[in-house]
Amino acid sequence: MGSLAARPFRPHPLLRGGHAQTVAGWAWPRRFRAHPADEARLFEVEPGVRLLARCRWQADRSDARATLVLVHGLGGSCDAPYMLGTADLAYRGGANVVRLNQRNCGATEHLTPTLYHSGMSGDVASVVRELVDVDGLRRVVVAGFSMGGNLVLKMAGEMGEGTPSALLGVCAVSPALDLKGTAENLERPSNRPYQWLFVRGLRRLVRRKKELYPALYDVRRLGRLRTVRDFDEMYTAPHGGFADADDYYARASASPLLARIRVPTLVVHARDDPLVPFASLPRPEELANGHVAMATPARGGHVAFVSGTSEKRFWAEGLIADLCHRLAGTALGEAGGAPTR
């Protein structure tokens with residue numbers, strides 16, 4: 001873990017600020033290698049609640065291979081650039097890849113009457129358990145980005161000593177560990193463009209849910225929705241069983257659970273992240289958990305880490321792929337085998 005965490009990040013020389021990195025992470029033109037068509041799969045995580053995943057399996061589907069489960073962030077989907085980029089690297093290295101849509105994401109509003117939020121770590125845990133118990137996979141790694149990073153860390157902390165042996169490790173990139181602090185940070189003037197994009201997407205989500213489930217959703221106050229916190233107060237809290245937005249932030253944040261994680265875990269967070277404050281991360285001495293390593297380069301923005309090297313343009317995506325193969329190789333070595341590449 002330590003060597004992965006210490007691998008240096010050298011930002012692109014023209015993208016030295018957090019905002020420049022963040023925008024480039026989304027806008028940078030990409031070409032993904034052609035692979036066999038992804039397999040669509042539905043995971044029922046609760047009665048009447050299904051998640052759509054896009055699965056990319058190696059030809060032999062061997063349980064000796066690593067299987068990487070990827071979880072996107074707020075407003076994203078399984079087709080977000082960072083999801084596709086990480087999947088491409090991991091698949092080329094020999095892993096199976098499952099790109100998971102959270103509830104309602106990726107045009108799946110019809111698959112559940114509920115909304116999604118940052119506390120639904122049980123959804124990710126259900127997917128992991130199905131892959132282990134039903135598919136018989138023995139080497140699973142889970143990685144999440146931003147909101148998805150909070151989810152995967154929360155899941156690992158909740159599992160604690162009961163973590164399945166097949167879950168080899170977890171990685172979180174730019175995780176929103178302190179939801180209240182992140183919501184407050186989004187209200188800074190410099191973050192208005194991001195806030196506007198999130199709010200626009202959340203408004204569209206509520207309107208689509210109203211069409212599908214008219215008795216469950218009230219859109220009369222939708223015009224007053226100006227911030228992510230407004231959405232959490234008006235929709236996330238009442239629909240998710242929370243007293244209010246502050247109650248939701250306190251109960252859904254992964255930070256208090258980090259000390260309980262019992263699998264190798266890598267947290268990647270840039271100190272110039274404009275969306276999720278770096279100060280929200282606990283210091284290593286405060287965490288006091290040898291299972292958790294942190295990579296905290298000075299630059300990198302939010303879910304970006306665009307490097308100056310064309311072969312490894314997206315540094316954090318490469319870290320996830322490396323971590324996946326390293327953990328799977330270690331597990332195979334412990335079992336007396338050799339890594340499958």
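Nothing in this text is a laboratory measurement; each read-out follows from the coordinates by a stated rule. Just so you know, these numbers come straight off a predicted model, no measurement behind them. Cβ coordinates were reconstructed from backbone atoms using ideal geometry, including for glycine residues, and neighbour counts include every protein chain displayed.
Give me Trp26, Trp57 sorted ascending by neighbouring Cβ count inside 10 Å, so fewest comes first.
Values: Trp26 14, Trp57 17.
With the fewest neighbours first, Trp26, Trp57 line up as Trp26, Trp57.
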Whole-Hz ³J(HN,Hα) for each residue in the stretch 303-318, computed from phi via Karplus 6.51 cos²θ - 1.76 cosθ + 1.60 with θ = phi - 60°, x for glycine and proline: what do you get? 6, 10, 6, 7, 8, x, 9, 5, 5, 10, 5, 10, 4, 5, 5, x
Straight-line reach from Lys180: which aspartates and glutamates fall under 13 Å, measuring Cα to Cα and dropping same-chain residues less than 8 apart? Asp230, Asp232, Glu233, Asp244, Asp246, Asp247
Ranked highest first by average number of other Cβ atoms within 10 Å, how do 179-192, 68-81 line up? 68-81, 179-192
Can you tell me the dipole magnitude for the stretch 94-172 around its Cα centre, using point charges on the Cβ only (Lys, Arg +1; Asp, Glu -1), in Debye to the nearest 20? 180 debye
Computed helical MRE - 222 nm, the chain, DSSP H runs ≥ 4 contributing -39500 (n - 2.57), nearest 500: -10500 deg cm²/dmol
To the nearest 20 debye, what charge dipole does the stretch 40-180 have about its Cα centre, counting +1 at the Cβ of each Lys and Arg and -1 at the Cβ of each Asp and Glu? 320 debye
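Using the count of nearby Cβ atoms within 10 Å as a rough guide to exposure, how do Thr22, Thr86, Thr114 rank from fewest to most?
Values: Thr22 24, Thr86 27, Thr114 17.
In increasing order of surrounding Cβ atoms, one gets Thr114, Thr22, Thr86.
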Extension reserve of the Arg226-Arg204 stretch, reckoned as 0.36 nm per residue once the Cα distance is removed: 6.6 nm
Given that just one value was derived from the coordinates, which of (i) 19; (ii) 14; (iii) 9 is percent of Cα pairs over 39 Å apart? (iii)
Which ³J(HN,Hα) values, rounded to whole Hz and listed in residue order, are derived for the stretch 19-31 from phi using the Karplus coefficients 6.51, -1.76 and 1.60 in 6.51 cos²θ - 1.76 cosθ + 1.60 with θ = phi - 60°, glycine and proline given as x? 5, 4, 4, 4, 5, 5, x, 8, 8, 4, x, 10, 10
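Just want the ordering: Glu317, Glu211, from fewest to most Cβ atoms lying within 10 Å of their own Cβ. Working shown, then result.
Working: Glu317 27, Glu211 11.
Arranged by neighbour count, lowest to highest, Glu317, Glu211 become Glu211, Glu317.
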Residue by residue through the stretch 99-105, which ³J(HN,Hα) values in whole Hz follow from phi under the Karplus form 6.51 cos²θ - 1.76 cosθ + 1.60 (θ = phi - 60°), with glycine and proline marked x? 9, 9, 8, 6, 3, 6, 8
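From the square roots a ≥ b ≥ c of the eigenvalues of the alpha-carbon gyration tensor of the stretch 179-252, which class results: rounded (a/c under 1.5), prolate (a/b over b/c), or oblate?
Details: a/c = 2.54, a/b = 1.27, b/c = 2.01.
Because a/c hits 1.5 or more and a/b fails to exceed b/c, the stretch 179-252 counts as oblate.
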With charges set only on the Cβ (+1 for Lys and Arg, -1 for Asp and Glu), what does the dipole of the chain come to about its Cα centre, in debye to the nearest 20? 1100 debye
GNM, the chain, Cα, under 10 Å: largest mean-square fluctuation among Gln102, Gln195, Gln21? Gln195
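Around Leu186, under 10 Å between beta carbons, what's the net of Lys plus Arg minus Asp minus Glu among the other residues? Don't jump to the answer; show the numbers that get you there.
On the way: positive: Arg188, Arg192, Arg229; negative: Glu184, Glu187.
My count for the surroundings of Leu186 gives +1.
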